Amino acid sequence: MSTTTIDARRYAALLSETLPAVIRTRTEYRRMLAAAKDLIERPDDEVSPEEGRLLELLSILIEDYENRTSPTPKVPPSQMLAHLLQERGMKPSDLWAILPKSRVSEILSGKRGISKAHARHFADLFRVPAELFL
């Protein structure tokens, strides 16, 4: 989290314009997504600390709505890993930099679990929460 001080008046103006709130409808969800998209598409050096803080708030509200309306189904970690490999067009051999070949095979076949350390490596590789592998 950034320790940058924000200007209360600028932040209040952004809040007044965007009106972030707990999302309850699909229309509110689309409005929040549009506001977040506008900030995300701007170059980082053009986003003020206040806008960055607003984007963080919008992200939390959007994630909360998505988790409530479309929760991620619980699947075995081995299936999640196989799915992500397929989705990204990767092969098991692409994981050999993280784990030995035999370990990758055991995990994908469901014979071995995924450690917390390896879950963090997979999370970084696929840019997903580590909890998907635990």
Unmet requirement for residue 40, which otherwise passes all of (1) at negative phi; (2) in the same structural domain as residue 127 (by TED's automatic domain parsing); (3) of a type outside the set (Lys, Arg); (4) surrounded by fewer than 15 Cβ atoms within 10 Å (Cβ to Cβ): (2)
Scan of the stretch 85-104 for residues that are surrounded by fewer than 14 Cβ atoms within 10 Å (Cβ to Cβ) and closer than 16 Å to residue 133 by Cα, ordered by number: 86, 87
Number of the exception - residue 82 against (1) in a helix (DSSP H, G or I); (2) free of Cβ contacts under 8 Å to residues at least 12 places away in the same chain; (3) closer than 18 Å to residue 130 by Cβ; (4) of a type in the set (Gly, Ala, Ser): (2)
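Consider the stretch 31-60. How many of its residues are acidic (Asp, Glu) and farther than 20 Å from residue 21 by Cα? Steps first, answer last, please.
The first filter runs over the stretch 31-60 and keeps only residues acidic (Asp, Glu), leaving 38, 41, 44-46, 50-51, 56.
Filter again for farther than 20 Å from residue 21 by Cα, leaving 41, 44-46.
Residues in the stretch 31-60 being acidic (Asp, Glu) and farther than 20 Å from residue 21 by Cα: 4 in total.
Yes/no matrix, rows are residues, columns are (1) in contact with a Phe, Trp or Tyr (Cβ under 8 Å, 6 or more places away or on another chain); (2) among the aliphatic types (A, V, I, L, M); (3) more than 30 Å from residue 44 (Cα to Cα):
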residue	(1), (2), (3)
54	yes, yes, no
57	no, yes, no
67	no, no, no
101	no, no, yes
121	no, no, no
125	no, yes, no
129	no, no, no
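Of everything in the stretch 102-134, what is free of Cβ contacts under 8 Å to residues at least 24 places away in the same chain and of a type in the set (Val, Ile, Thr)? Give them in sequence order.
Narrowing the stretch 102-134 to residues free of Cβ contacts under 8 Å to residues at least 24 places away in the same chain: 102-106, 111-112, 115-118, 120-121, 123-124, 127, 129-131.
The one that is free of Cβ contacts under 8 Å to residues at least 24 places away in the same chain and of a type in the set (Val, Ile, Thr): 104.
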Filter result (among the polar types (S, T, N, Q) and touching a residue at least 40 places away in the same chain (Cβ under 8 Å)) within the stretch 49-68: none
Helices (runs of 4 or more DSSP H) wholly inside the stretch 1-74 containing at least 2 residues that are closer than 30 Å to residue 132 by Cα and within 19 Å of the chain's Cα centre (by Cα): 26-40, 49-69
Filter result (exposed (fewer than 12 other Cβ atoms within 10 Å of the Cβ) and farther than 12 Å from residue 65 by Cβ) within the stretch 13-36: 16, 17, 19, 34
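The values are calculated or read from the model by the stated rules, or taken from the named source; none is laboratory data. Worth saying up front: this structure is predicted, and the values here are computed from it rather than measured. Here Cβ is always computed from backbone atoms with ideal geometry, including for glycine, and neighbour counts include all displayed protein chains.
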